[in-house]
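In what follows, a structure is listed as structure tokens, so that the remarks can point back to it.
The values are calculated or read from the model by the stated rules, or taken from the named source; none is laboratory data. Not measured: the values here are computed from a predicted model. Reconstructed Cβ throughout: ideal geometry from the backbone, glycine too, with neighbour counts over all protein chains shown. Calculation scope for accessible area: heavy atoms of the full protein, side chains included, ligands and nucleic acids excluded. Shrake-Rupley method; radii C 1.70, N 1.55, O 1.52, S 1.80 Å.
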Amino acid sequence: RPEYQHVHESGSRTLWVVFVIMIIASIAFAGMSWRVPVSKRLYYVLTTMITIFASISYFAMATGHGISYNHIRVRESHHHVPDTFHDVYRQVFWARYVDWSVTTPLLLIDLGLLAGLNGAHLLMAVVADVIMILTGLFAAFGSEGTPQKWGWYTIACIAYLVVVWHLAINGRVTSKAKGSKVGKFFIAIAGFTVIIWTLYPIVWGISDGSRKMSVDSEIIAYAVLDILAKPVFGAWLLITHARLPETDIDL
Ligand code: RET
């Protein structure tokens, strides 16, 4: 008999709670943007778009959309009989990857502008980031539980290291050039970002990857990370930016 791994009440409730938090954050960030002249709204607009996108994705997941069952056959090792398998169907929330493929580039643009990263470096970081999310999607989904999913996972992790490298090496140098206050703030917020982002592949490995975590726990783990990576990150960035004229962008 097949085993179904899917969302229950606690997961569903969590999806709705995060949806509401993302809506509130979007309203707050949009409201903050009205207090500055139009020419100074870029960080506000980017950050608001990030939480609006997340709201849409969470709404889709909470209403049961953006989810698909992924099937894998697991060998029954305890039977000592060759060729006995049991089928596992697990929900894969592909709406997350749609969200991440847009919002992680926007988050990188936020950080790149803050650091004063040049266009070429920022573009390379964004492309590596998109490769990371799409190969992560193949790992979760395209490979139907075959061993090569960890191959896709490895490619995604290498792409992630490229992203971190651009932030850590280039971003640190260019942000320092904008003054020691900007340099210090960049190290703090980019360090926070790297710590939070690094937890995503770890959660993925335990949940979608090896299926050792229930779908509800997976939802809760990503919920905590998403709140830190989007509304908390966004509030910190916008509040600090408002106090640091050196972070203004000339458009
Ligand atoms: C995956 C799995 C494959 C390996 C790696 C991953 C990294 C994901 C990251 C996601 C960040 C998401 C954010 C969302 C916004 O709230 C795709 C999980 C490396 C870093 C910041």
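Summary of computed values
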read-out: Helices (runs of 4 or more DSSP H) completely within the range 136-251 that count 1 or more residues being farther than 25 Å from Ser57 by Cβ, of a type outside the set (Val, Ile, Thr) and in contact with a helix residue (DSSP H, G or I) (Cβ under 8 Å, 6 or more places away or on another chain); value: 149-165, 172-177, 180-204, 233-243
read-out: Residue in the range 134-147 that is acidic (Asp, Glu) and open to solvent by less than 30 Å² (accessible area, probe 1.4 Å) present; value: no
read-out: Out of Ile219, Ile249, sole residue that is modelled with pLDDT of 95 or more and among the β-branched types (Val, Ile, Thr); value: Ile219
read-out: Ser210 being polar (S, T, N, Q) and either touching a Leu at 6+ places or on another chain (Cβ under 6 Å) or within 13 Å of the ligand (Cβ to nearest atom) (or both); value: yes
read-out: Condition check for Leu199: under 17 Å from the mean Cα position of the chain (by Cα), hydrophobic (A, V, I, L, M, F, W, C), within 14 Å of the ligand (Cβ to nearest atom) and open to solvent by 20 Å² or more (accessible area, probe 1.4 Å); value: yes
read-out: Among (1) within 10 Å of the ligand (Cβ to nearest atom); (2) open to solvent by 30 Å² or more (accessible area, probe 1.4 Å) - the single one Arg96 does not satisfy; value: (2)
read-out: Criterion (open to solvent by 20 Å² or more (accessible area, probe 1.4 Å), away from the ligand (no atom under 14 Å from the Cβ) and β-branched (Val, Ile, Thr)) met by exactly one of Val194, Val173; value: Val173
read-out: Residues within the range 108-133 that are outside any helix (DSSP H, G or I) and loosely packed, with under 15 Cβ neighbours inside 10 Å, tallied; value: 1
read-out: Enumeration of residues in the range 6-59 that are closer than 30 Å to Phe85 by Cα and open to solvent by less than 30 Å² (accessible area, probe 1.4 Å); value: Gly11
read-out: Test: Lys230 is within 16 Å of the ligand (Cβ to nearest atom), in contact (Cβ under 8 Å) with a residue 60 or more places away in the chain and not aromatic (Phe, Trp, Tyr); value: yes
